[in-house]
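The values are calculated or read from the model by the stated rules, or taken from the named source; none is laboratory data. What you see is a predicted model; the values in this text were computed from it and never measured. All Cβ positions, glycine included, derive from the backbone under ideal geometry; neighbour counts span all protein chains shown. The accessibility values were calculated without ligands, DNA or RNA, using every heavy atom of the protein model including side chains. Shrake-Rupley method; radii C 1.70, N 1.55, O 1.52, S 1.80 Å.
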Amino acid sequence: MTNIKANQDRLLSERPVTELKGVGASLAAKLTKLGLYTLQDCLFHLPARYQDRTRVTPLGSLQPLQDVVVEGRVRGCDIVFGKRRSMLCVIDDDTGRLSLRFYHFSNAQKQRLTEGTKIRCFGETRRGSTGLEMYHPEYQLLDEQNESLEESLTPVYPATEGITQPRLRNLIQQSLALLSDQNLPELLDESLRQHVNQVSLLDALRFLHAPPSDAPLSQLLEGEHPYQQRLAFEELLAHHLTLLQARAEVQQHRAPELLYHSDVIHHFRSTLPFTLTNAQQRVFEEINADICSSKPMLRLVQGDVGSGKTLVAALSALQAVSNGYQAAIMAPTEILAEQHRINFSLWFEALNISVCALTGRQKVAEKRASLEAIANGQAQIVIGTHALIQDDVVFNNLGIMVIDEQHRFGVQQRLALRQKGRDGLFPHQLIMTATPIPRTLAMSAYADLDCSVIDELPPGRTPVETVVISQQRRDQVVARVDQACQEGRQAYWVCTLIEESEVLEAQAAEASAVALQAALPNLRVGLIHGRIKGPEKEAVMTQFKQGELDLLVATTVIEVGVDVPNASLMIIENPERLGLAQLHQLRGRVGRGTAVSHCVLLYSAPLSQTAKSRLQVMRESSDGFLIAERDLEIRGPGEVLGTRQTGELQFKVADLQRDAHLLDDIHAAAALIQHQPQAQLISQRWLGRNARYASV
Ligand code: ADP
Ligand code: MG
């Protein structure tokens, strides 16, 4: 007796699916594809939709495309020879008639469907050649001992190859039967549950897996039912707590105190050809307030393209150097790292500060020299790509780490850099995003970071005028490029491809460059893409920067950060293949000088609805924050953050867009309970297998 009791109380999160009847190793393996390892996982696997099998719909009131139960008497059953041979069984009731169509059938099946037989079917109605039809309905013949109808709505679960709906329903029903307060404890106490109408976890799960026949179906489909919201609340709370825990863990460490040396900073600022914008000034002050303390800074700087984030990074790096510490800047591409290296060298070598590069493409000897300078401290500012987070990179005394264009890096990489301090000191961390992040996303994905916004562009910028033009008018566009370049301006021609293949993309860009050069014999045309070797690529970029090229044909490698103020025209071929954030980034390459800039979105018809709305947004707005909000609406959070592949920020129940209204409550709740034991349990429950998210 006690044994059974003890077993009942074992946590469902610790009981593998193989404890269920009918689950052996091979089914268990399939279940892992759905993320189902434990009985708790099964219970959190919620229906994607529901079928109503609780009542019979009269044949006379059927509409097309309904999932319904019907009953009637067989009026005839024949084999018909249309395009494909099929069996057609006509049934009727007092109100109307319906045809059941089977493409796969047996003789025995046909024989049992004799005239007058009573039958019950479940299936989807559709328009067929005989009027309303059901293809391959589930059916049963009715006699005296009829099975009764379902009492609750029938769940339809997200499934995968080799696992049928009845199978999943069965496993989840078994799990539900075992469910108790002991083996899946309630983790939201009464005060937390006030945010969710006091709905308990068990009530929510029991309801959602078997809603009563009168449950509001459309609300359930939208995920807006209070019971779904109850679960979404707990899940979002779990994510938020996890990030807060990660932050708390980092902040237990000490960081070097980087004090403000006004003489150094002032001197540097006096060497610049411009003054800081108010926004740059304000954000630098916010950073200052962080880094002069011994708590590691964790700060996100958001600023639209061209808002001058690099300079803010430079000031922060200078602060580290003036305190005797090293600064590291990590950029997502070689080109961008190179551009930073050039800028930083210009700015700092006059001040006798050494700037050193570390990238994956360096020659062995060069790289060895860099590594040595980084290790012995001779390199004061280190600029690089992902190469910076390799194990062989040892800093002498890293004081601050700047990660540029963060959305290209995963949380993992962000964390890897935290390890690079010395003597148990953690470097301060400054993260700069290329794309403004919608507030809801920032609140959820970067809850471990403080946030600053550079919400002002340097003076003298003129907005980019954007037009959307079909490929059919390509000749006019080419003529326009010709004219602009003849007038002394420079232009980008960006080629995009659907496939993520560097080779194909490079080939397409090469072909375009050849064709454009042929069409524009008077222009100096350059080409740049991911397959061109580092030094050659730099040479082309330098030529373009110095005005020795009129037209630069490029793949999306120029997307990030590249800065050529005289370039005032950009053509983007097949922009419909890119997301909004990427288009905005690309377009940000022009409009950096004082001339009016233009961007031509040269699309191929026909456009999908999504593509149309994207291009529309681009034409109407140049505000990165607004564009990011629209991007989130169109694409969803995983893609906006670039985390789709890595599975971060994938929710079981919650949907950031839909559940954004919960976030304020969640933040308040998280702040209240983050130091209580239940906080651990909540994040464990929802992120157990994904805890790497938080591991520091
Ligand atoms: P992003 O925020 O996109 O990284 P950058 O840092 O590349 O922008 O800056 C874009 C351009 O604006 C650069 O040419 C930079 O020199 C210039 N810039 C930065 N700050 C100012 C300023 N305060 N006044 C004028 N120009 C500035
Ligand atoms: Mg930048």
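3J(HN,Hα) couplings calculated from phi for the range 678-687 with the Karplus curve 6.51 cos²θ - 1.76 cosθ + 1.60 (θ = phi - 60°) are, in sequence order, 5, 4, 4, 5, 5, 5, 4, 4, 9, 10 Hz; Gly and Pro show x.
Residue ranking by accessible heavy-atom surface, 1.4 Å probe, largest first, among Trp493, Trp347 comes out as Trp347, Trp493.
Fully extending the segment from Gln66 to Ala350, taken as 0.36 nm per residue of separation minus the present Cα-Cα distance, adds 94.8 nm. When a 1.4 Å probe is rolled over the protein heavy atoms, the share of accessible surface on the chain that falls to carbon and sulfur comes to 48 percent.
For Thr38, the amide hydrogen comes within under 5 Å of the amide hydrogens of Val17, counting only partners 5 or more places away or on other chains and with H modelled in the peptide plane.
Multiplying each eigenvalue of the alpha-carbon gyration tensor of the range 433-489 by 5 and taking the square root yields semi-axes of 39, 17, 8 Å, largest first, rounded to whole angstroms.
Which shape class, rounded, prolate or oblate, goes with the range 175-230 when its Cα gyration tensor gives a ≥ b ≥ c as root eigenvalues, a/c under 1.5 marks rounded, and past that a/b bigger than b/c marks prolate? Taking the square roots of the gyration eigenvalues as a ≥ b ≥ c, the range 175-230 is oblate. Annotation: amide H of Val468 within the under-5 Å range of Leu601, sequence separation 5 or more or interchain, hydrogens built in the peptide plane.
Label sites at Ser200 and Ala518, each approximated as a point 7 angstrom past Cα along Cα to Cβ, lie 7.6 nm apart.
3J(HN,Hα) couplings calculated from phi for the range 613-621 with the Karplus curve 6.51 cos²θ - 1.76 cosθ + 1.60 (θ = phi - 60°) are, in sequence order, 5, 4, 4, 4, 4, 4, 5, 8, 9 Hz; Gly and Pro show x.
Solvent exposure of the chain amounts to 45 Å² per residue of accessible area, where only protein heavy atoms count and the probe is 1.4 Å. Separation of the range 589-628 and the range 294-328, taken as the distance between their Cα centroids, equals 30 angstrom. Would you mind getting me the FRET efficiency between Gln173 and His136? Use the beta-carbon distance for r and R0 = 30 Å, nearest 0.05. E(calc), rounded to 0.05, equals 0.75. Along its first, second and third principal axes, ordered by size, the range 230-315 spans 56, 32, 15 Å in Cα coordinates. Taken along the Cα-to-beta-carbon direction at a fixed 7 Å, the label points for Asp665 and Lys30 span 3.9 nm. Working note: Karplus 6.51/-1.76/1.60 with θ = phi - 60° gives the range 374-391 the couplings 5, 6, 8, x, 5, 7, 8, 10, 10, 10, x, 9, 3, 3, 5, 9, 5, 4 Hz, where Gly and Pro are set to x.
The Kirkwood hydrodynamic radius of the chain, based on inverse pair distances between different Cα atoms, is 29.5 Å. For a 4.7 Å threshold on C-beta separation, the list of partnerless cysteines in the chain reads Cys42, Cys121, Cys292, Cys356, Cys451, Cys485, Cys495, Cys599. Pairs of Cα atoms in the range 120-185 fall into 10 Å distance bins, from 0 up to the last occupied one, in shares of 15, 30, 34, 14, 5, 1 percent.
In the range 465-518 the Cα-Cα distances spread across 10 Å bins starting at 0 as 19, 48, 29, 3 percent of all pairs. Compared with the alpha-carbon gap, the fully stretched path from Tyr260 to Arg474 is longer by 71.6 nm at 0.36 nm per residue.
In the structure shown, the pairs Lys30/Lys652; Lys83/Lys110; Lys363/Lys545; Lys30/Lys110; Lys21/Lys110 are assessed against 28 Å; a Cα-Cα span above that value is assigned to Lys30/Lys110; Lys21/Lys110.
Residues whose amide H comes within less than 5 Å of that of Gly303, counting only those at least five positions distant or on another chain, are Thr433, Ile454 (H built at 1.01 Å from N in the peptide plane).
Centre-to-centre, using Cα atoms only, the range 340-389 and the range 206-250 are separated by 48 Å.
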